[in-house]
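The values are calculated or read from the model by the stated rules, or taken from the named source; none is laboratory data. These numbers were taken from a predicted model, which means no experiment stands behind them. Cβ coordinates were reconstructed from backbone atoms using ideal geometry, including for glycine residues, and neighbour counts include every protein chain displayed. For accessibility, only protein heavy atoms count, side chains too; no ligands or nucleic acids. Shrake-Rupley method; radii C 1.70, N 1.55, O 1.52, S 1.80 Å.
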Amino acid sequence: MTNVITAPHPRGGPPCTFTARSPEEIEGIAGNLAAAQREWAARGVQGRIGVMGRWRAALLERRAEIVGALAEDTGRRALCEAEFDGSVRRLDYWAEKAPALLGSVSKGVSETVPGVRYEHNLTPLGLVGVIGPWNFPLLLVLIDTLPALLAGCAVLAKPSEVTPRFVEPLFDAVESVPELAGALRIVQGGAETGEAIVECADAVCFTGSVPTGRRVGARAGRRLIPAFLELGGKDPLIVLGDADLDTAVAVALRASVIATGQACQSIERVYVHDSMYARFVERLVAAAGRVRLTAGRAGGGHLGPFIDPAQADRVQAQLADAEARGATRHCGGVERRKDGDWCAPAVLTGVNHDMLLFREETFGPVIPVMAFADDAEAVRLANDSEFGLSAAVLGDESHALAVARRLRAGAVSINDGGLTAQVSDVEKESFGVSGLGRSRTGPSALLRFLRKQALLVQTGTPAPIEAFEETGNPD
Ligand code: NAD
């Protein structure tokens, strides 16, 4: 039975219908990739960099087409351009770093058995499955694909079925470089296709929600293959009493609402010191009111529509729950229009941790604000979450750093918010349910695709069986 999927259009345009790859097709594709992987690895890192350079040129030739399709998929343009250009920069970054990382083979003499010399042989994991989400659909597939390919792995990648339009031009760019096309395949599909990929791959990189991440992790666990999981967040921002008020308002707003809040590192909870809480809320509400939707505009505006209509339902349900439990919404909220589902920045006070707004990921431009009395209370509130992706602290730098060290978050931005969206060369590992496995940024992003095989050379005389003779028999 063919599995036809229909993706909506975020601005109310024509939907996109496509056929998902069946599990049988995935099995066949994975078999071909696994065979091609050996040849890909045998090219050596410089050979792979050369091929990837040709792919870079093919991507740039199709920039307008890929960005245009991404804009149709996501209902926004400037962020799609940044997403494309940022992906190309990542390709350049990894092409520059890969030779040294792959050449950094450790060797020496064992300290526990001094007669044994060792060296490590780095061997690629094989076929890596990459499964991506819809919020930054190109970047969040390439983020794992690029280092995996340079490490010598083949890649079978499946972007989200919610944003399928950019896949065809991306696929064309791969196919135009035959040496790459054997080692990289991009396929369309939903959950069933994703499950089939996890069944065939030697390792899986998954970016998406916590519930799906649990399913992917369980399946990978049954197969005993590595799973690198990058999941949701509920990132807190702490504004200390010694923070600059104007900076705090500007950071809280931008880091909460950019990309209509549809970013894993979005600030979703703001805690402000008692001494500036009232002034902060007043200025934040005023600043939020100046943010414009791109709805109905030929150009201009700051926030696009929700990419996935289901997201508007989720945000609306969380706002309704908060208001039913006594929260005050000062501005913003979900707007359903013919040209899509929108949300102007919503600032809420009178909130507490029993509300869905604090328990579940929101993924929308919603800013609930609470006051705290001292550092201990700020840390307790920020850590009161099962998520632990990232966080932010604003204030005097040494004070902010001291607070940051007490937070359960994989990365903490100091005197800014959401810096992990820009900084890609520093390692970070999530706490709680926000992820599993080694960092996808910094050196380990590439090294995690290599198995360390130890080559142990006996330089002395191998021990004979007589060395193991029992001296006292227990009978
Ligand atoms: P999702 O979990 O619904 O889907 C993600 C991908 O998994 C899609 O490609 C989907 O087809 C696939 N999938 C669904 N069921 C599957 C299964 N059983 N087996 C294998 N694959 C399956 O996530 P989403 O709604 O597309 O994305 C939003 C989520 O992604 C948010 O929770 C967000 O926080 C998270 N995210 C995390 C990061 C990060 O770096 N930590 C980055 C971006 C987004």
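Return the total of residues in region 265-285 being open to solvent by 50 Å² or more (accessible area, probe 1.4 Å) and either assigned to a strand (DSSP E or B) or not polar (S, T, N, Q) (or both).
Step one: filter region 265-285 for residues open to solvent by 50 Å² or more (accessible area, probe 1.4 Å), giving 274-275, 277-279, 282-283.
In the following step, the residues that additionally are either assigned to a strand (DSSP E or B) or not polar (S, T, N, Q) (or both) were identified as 274, 277-279, 282-283.
Total satisfying the criteria: 6.
Test of understanding: among Val187, Val174, Val155, Val162, which residue is modelled with pLDDT of 95 or more, among the hydrophobic types (A, V, I, L, M, F, W, C) and open to solvent by 10 Å² or more (accessible area, probe 1.4 Å)? Walk me through it before giving the result.
Details: Val187 fails: open to solvent by 10 Å² or more (accessible area, probe 1.4 Å); Val174 fails: open to solvent by 10 Å² or more (accessible area, probe 1.4 Å); Val155 fails: open to solvent by 10 Å² or more (accessible area, probe 1.4 Å).
After applying the criteria, what remains is Val162.
Could you list, in sequence order, all residues of region 14-39 that are within 26 Å of Thr123 (Cβ to Cβ), in contact with a helix residue (DSSP H, G or I) (Cβ under 7 Å, 6 or more places away or on another chain) and open to solvent by less than 30 Å² (accessible area, probe 1.4 Å)? Break it down stepwise before answering.
Going residue by residue through region 14-39, those that are within 26 Å of Thr123 (Cβ to Cβ) are 26-39.
This time we only want the ones that are in contact with a helix residue (DSSP H, G or I) (Cβ under 7 Å, 6 or more places away or on another chain), so: 26-27, 30.
Those that are within 26 Å of Thr123 (Cβ to Cβ), in contact with a helix residue (DSSP H, G or I) (Cβ under 7 Å, 6 or more places away or on another chain) and open to solvent by less than 30 Å² (accessible area, probe 1.4 Å): Ile26, Ala30.
Within the set of pairs 6+ apart or on separate chains, which have a first residue in region 197-208 that is more than 10 Å from the ligand (Cβ to nearest atom), a second that is open to solvent by 10 Å² or more (accessible area, probe 1.4 Å), and C-beta atoms under 7 Å apart?
So the pair list comes out as Cys200/Glu27; Ala201/Ile225; Asp202/Leu125; Asp202/Ile225; Ala203/Leu125; Ala203/Ile225; Ala203/Pro226; Cys205/Phe228.
Can you tell me how many residues in region 402-425 are open to solvent by 60 Å² or more (accessible area, probe 1.4 Å) and more than 14 Å from the ligand (Cβ to nearest atom)?
5
Return the pairs, sorted by first residue and then second, in which the second residue is hydroxyl-bearing (Ser, Thr, Tyr), the first residue lies in region 58-70 and is surrounded by fewer than 20 Cβ atoms within 10 Å (Cβ to Cβ), the beta carbons are less than 7 Å apart, and the residues are 6+ apart or on different chains.
Sorted first by the residue in region 58-70, then by its partner, the pairs are Ala58/Ser176.
Mind checking which residues of region 218-249 are under 17 Å from the mean Cα position of the chain (by Cα) and among the aliphatic types (A, V, I, L, M)?
Of everything in region 218-249, those that are under 17 Å from the mean Cα position of the chain (by Cα) and among the aliphatic types (A, V, I, L, M) turn out to be Ala227, Leu229, Leu231.
Suppose we filter region 316-337 for residues that are within 16 Å of the ligand (Cβ to nearest atom), open to solvent by 30 Å² or more (accessible area, probe 1.4 Å) and under 23 Å from Glu282 (Cα atoms); how many remain? Full working, then the answer.
Residues of region 316-337 within 16 Å of the ligand (Cβ to nearest atom): 317-318.
Applying the additional criterion that residues be open to solvent by 30 Å² or more (accessible area, probe 1.4 Å) yields 317.
Now narrow it down to the ones that are under 23 Å from Glu282 (Cα atoms): none.
Counting residues in region 316-337 that are within 16 Å of the ligand (Cβ to nearest atom), open to solvent by 30 Å² or more (accessible area, probe 1.4 Å) and under 23 Å from Glu282 (Cα atoms) gives 0.
May I ask you to say which residue of Asp308, Asp313, Asp341 is within 16 Å of the ligand (Cβ to nearest atom) and either among the polar types (S, T, N, Q) or open to solvent by 50 Å² or more (accessible area, probe 1.4 Å) (or both)?
On the way: Asp308 fails: either among the polar types (S, T, N, Q) or open to solvent by 50 Å² or more (accessible area, probe 1.4 Å) (or both); Asp341 fails: either among the polar types (S, T, N, Q) or open to solvent by 50 Å² or more (accessible area, probe 1.4 Å) (or both).
Answer to the selection: Asp313.
Among the strands (runs of 3 or more DSSP E) confined wholly to region 349-462, which include 1 or more residues that are small (Gly, Ala, Ser), touching a helix residue (DSSP H, G or I) at 6+ places or on another chain (Cβ under 9 Å) and at pLDDT 95 or above? Talk me through it step by step, then tell me what you get.
Numbers: elements: 366-372, 390-394, 411-414, 450-458.
Qualifying strands (runs of 3 or more DSSP E): 366-372, 390-394, 411-414.
For Val45, work out the one condition from (1) assigned to a helix (DSSP H, G or I); (2) open to solvent by 50 Å² or more (accessible area, probe 1.4 Å); (3) more than 30 Å from Ile258 (Cα to Cα) it doesn't fulfil.
All conditions are met except number (2).
Could you please let me know if Leu122 is assigned to a helix (DSSP H, G or I) and touching a residue at least 12 places away in the same chain (Cβ under 8 Å)? Step through it out loud before you land on a result.
Working: assigned to a helix (DSSP H, G or I): no; touching a residue at least 12 places away in the same chain (Cβ under 8 Å): yes.
Against the criterion (assigned to a helix (DSSP H, G or I) and touching a residue at least 12 places away in the same chain (Cβ under 8 Å)), Leu122 does not qualify.
Within region 113-140, how many residues turn out to be away from the ligand (no atom under 16 Å from the Cβ) and of a type outside the set (A, V, I, L, M, F, W, C)? Talk me through it step by step, then tell me what you get.
Keep residues of region 113-140 that are away from the ligand (no atom under 16 Å from the Cβ), which gives 113-126.
Within this subset, residues satisfying the condition of being of a type outside the set (A, V, I, L, M, F, W, C) are 114-115, 117-121, 123-124, 126.
Matching residues across region 113-140 total 10.
Applying the selection to region 142-185, what residues are touching a Leu at 6+ places or on another chain (Cβ under 6 Å) and either within 13 Å of the ligand (Cβ to nearest atom) or assigned to a loop (DSSP other than H, G, I, E, B) (or both)?
Within region 142-185, Ala151, Cys153, Leu156, Phe166 qualify.
Where residues in region 233-249 are part of a loop (DSSP other than H, G, I, E, B) and within 16 Å of the ligand (Cβ to nearest atom), which of them is surrounded by the most Cβ atoms within 10 Å (Cβ to Cβ)?
Of region 233-249, the ones part of a loop (DSSP other than H, G, I, E, B) are 233-234, 240-244.
Narrowing further to those that are within 16 Å of the ligand (Cβ to nearest atom): 233-234.
Details: Gly233: 29, Lys234: 25.
For region 233-249, the residue satisfying everything is Gly233.
If you check Ser256 against the conditions, is it of a type in the set (S, T, N, Q), over 30 Å from the mean Cα position of the chain (by Cα) and either over 12 Å from Ile367 (Cα atoms) or not in a strand (DSSP E or B) (or both)? I'd like the intermediate steps shown before the answer.
On the way: of a type in the set (S, T, N, Q): yes; over 30 Å from the mean Cα position of the chain (by Cα): no; either over 12 Å from Ile367 (Cα atoms) or not in a strand (DSSP E or B) (or both): yes.
Taking the combined requirement at face value, the residue does not satisfy it.
Determine whether region 271-293 contains at least one residue that is on the phi < 0 side of the Ramachandran plot and within 16 Å of the ligand (Cβ to nearest atom). Walk me through it before giving the result.
At the first step, the residues of region 271-293 found to be on the phi < 0 side of the Ramachandran plot are 271-293.
Pick out the ones that are also within 16 Å of the ligand (Cβ to nearest atom) and you get none.
Within region 271-293, not a single residue is on the phi < 0 side of the Ramachandran plot and within 16 Å of the ligand (Cβ to nearest atom).
Report, by residue number, each residue of region 202-232 that is closer than 15 Å to Cys264 by Cα and assigned to a loop (DSSP other than H, G, I, E, B).
Selection gives Gly208, Ser209, Leu231, Gly232.
Do we find that Ser256 is of a type in the set (Ser, Thr, Tyr), surrounded by 23 or more Cβ atoms within 10 Å (Cβ to Cβ) and more than 8 Å from the ligand (Cβ to nearest atom) in this structure? Spell out how you get there, then give the answer.
Values: of a type in the set (Ser, Thr, Tyr): yes; surrounded by 23 or more Cβ atoms within 10 Å (Cβ to Cβ): yes; more than 8 Å from the ligand (Cβ to nearest atom): yes.
When the stated conditions are applied, Ser256 passes them.
Would you check which residues across region 286-296 are in a helix (DSSP H, G or I) and either in contact (Cβ under 8 Å) with a residue 60 or more places away in the chain or over 30 Å from the mean Cα position of the chain (by Cα) (or both) and list them? Steps first, please.
Filtering region 286-296 down to residues in a helix (DSSP H, G or I) leaves 286-289.
Matches in region 286-296: Ala286, Ala288.
Here are some residues: Ser106, Ser176. Which one is closer than 30 Å to Cys16 by Cα and over 21 Å from the mean Cα position of the chain (by Cα)? Before you say what the answer is, go through the steps one by one.
Working: Ser106 fails: closer than 30 Å to Cys16 by Cα.
Selected residue: Ser176, the only one of Ser106, Ser176 that is closer than 30 Å to Cys16 by Cα and over 21 Å from the mean Cα position of the chain (by Cα).
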